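The values are calculated or read from the model by the stated rules, or taken from the named source; none is laboratory data. On a predicted model such as this, the values are computed, not experimentally measured, just so you know. We place every Cβ from the backbone using ideal geometry, glycine too, and count neighbours over all the protein chains shown.
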Amino acid sequence: MFVLTRISDVIPVSPELFDADYTKVLVEEIDRKYANKVVADVGLCITLYDFVHIGDAFVHPADGTSHSQVEFRMVVFRPFVGEVLKGRIVSCTDEHIRVSMDFVQDIIIPSYALQTPSYFDTAERLWVWKYSEGQEKFYMDLHEEIRFRASDKAVAEGDMRQSLARRRSSSVDLSDTDPTPSAIHILGTIDEDGLGLTSWWVN
């Protein structure tokens, strides 16, 4: 699910930041460029892990900006189809359940991929797994932890600005209440033994 990936890039630093701690500035600039951005054939970049090498800074004569060749490791979210993941239920409709993993909000479990048999309780606005006739009904309550298997995934193009990693950067003014759009979308299933709400499978 999470992997460390090496990335090499030239990182620019503007002149007004020359008096600041150079390493901290590089951290912010890398966060600004990569956090919550999908890199092709790599995955969804979450945050900088560490530096492998920081090269010498070269100043561009046109604008005074310095440029450093930097090699670093990023924490990358790279789920694979078939992987079992955990999240929390954030909403239900008669068509699907939506699950959040904090940094990935758009995880959809369609109605046809729920435990069989399941039905939508229109009064409670929740999905219910009816394990067997006469037995207890298992409600899929909001905010409950759910275990699911990734059945498909898709990625969005471009740099999604609002990310948990980016919020740590003082250079970007984001409120904690701002919605965080997902750069990756996952389709899941829970129609297997051991999947569904984790509370269902506690002995």
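Side notes on the structure shown:
- Residue-level analysis places Gly55 outside the set of residues that are surrounded by fewer than 19 Cβ atoms within 10 Å (Cβ to Cβ), in a loop (DSSP other than H, G, I, E, B) and not assigned by TED's automatic domain parsing to the domain that holds Phe103.
- Failed item, numbered, when His96 is tested on (1) over 17 Å from Trp201 (Cβ atoms); (2) touching a Lys or Arg at 6+ places or on another chain (Cβ under 9 Å): (2)
- Verdict on Ser100 being in contact (Cβ under 8 Å) with a residue 24 or more places away in the chain and small (Gly, Ala, Ser): no
Residues checked against (1) outside the structural domain of Val10 (by TED's automatic domain parsing); (2) under 17 Å from Gln105 (Cα atoms); (3) part of a loop (DSSP other than H, G, I, E, B); (4) of a type in the set (D, E, K, R):
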residue	(1), (2), (3), (4)
Pro61	no, no, yes, no
His67	no, no, no, no
Phe72	no, no, no, no
Ile89	yes, yes, no, no
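Each row is one residue, and each column tells you yes or no for (1) farther than 17 Å from Phe148 by Cβ; (2) modelled with pLDDT of 90 or more.
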residue	(1), (2)
Gly55	yes, yes
Glu71	yes, yes
Ala113	no, yes
Tyr119	yes, yes
Ala123	yes, yes
Trp127	no, yes
Ser132	yes, no
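- First in the range 113-127 and under 13 Å from Glu95 (Cβ atoms) and assigned by TED's automatic domain parsing to the domain that holds Gly194, second anywhere and at pLDDT below 95 and aromatic (Phe, Trp, Tyr), Cβ under 6 Å, 6 or more apart: Ser118/Trp129
- Of all residues making up the range 4-22, the number that are surrounded by fewer than 19 Cβ atoms within 10 Å (Cβ to Cβ) and under 25 Å from Ala62 (Cβ atoms): 12
- Among the residues of the range 88-109, the ones that are more than 11 Å from Gly188 (Cα to Cα) and not polar (S, T, N, Q) come to 10 in all.
- Within the range 1-35, tally of residues that are part of a helix (DSSP H, G or I) and either in contact (Cβ under 8 Å) with a residue 12 or more places away in the chain or not assigned by TED's automatic domain parsing to the domain that holds Val52 (or both): 13
- Single condition Ala62 does not satisfy, out of (1) in contact with a strand residue (DSSP E or B) (Cβ under 8 Å, 6 or more places away or on another chain); (2) modelled with pLDDT under 95; (3) over 30 Å from Phe120 (Cα atoms): (1)
- At least 1 residues being closer than 11 Å to Leu197 by Cα is the threshold, and among the strands (runs of 3 or more DSSP E) wholly inside the range 107-146 those reaching it are 126-130, 137-139.
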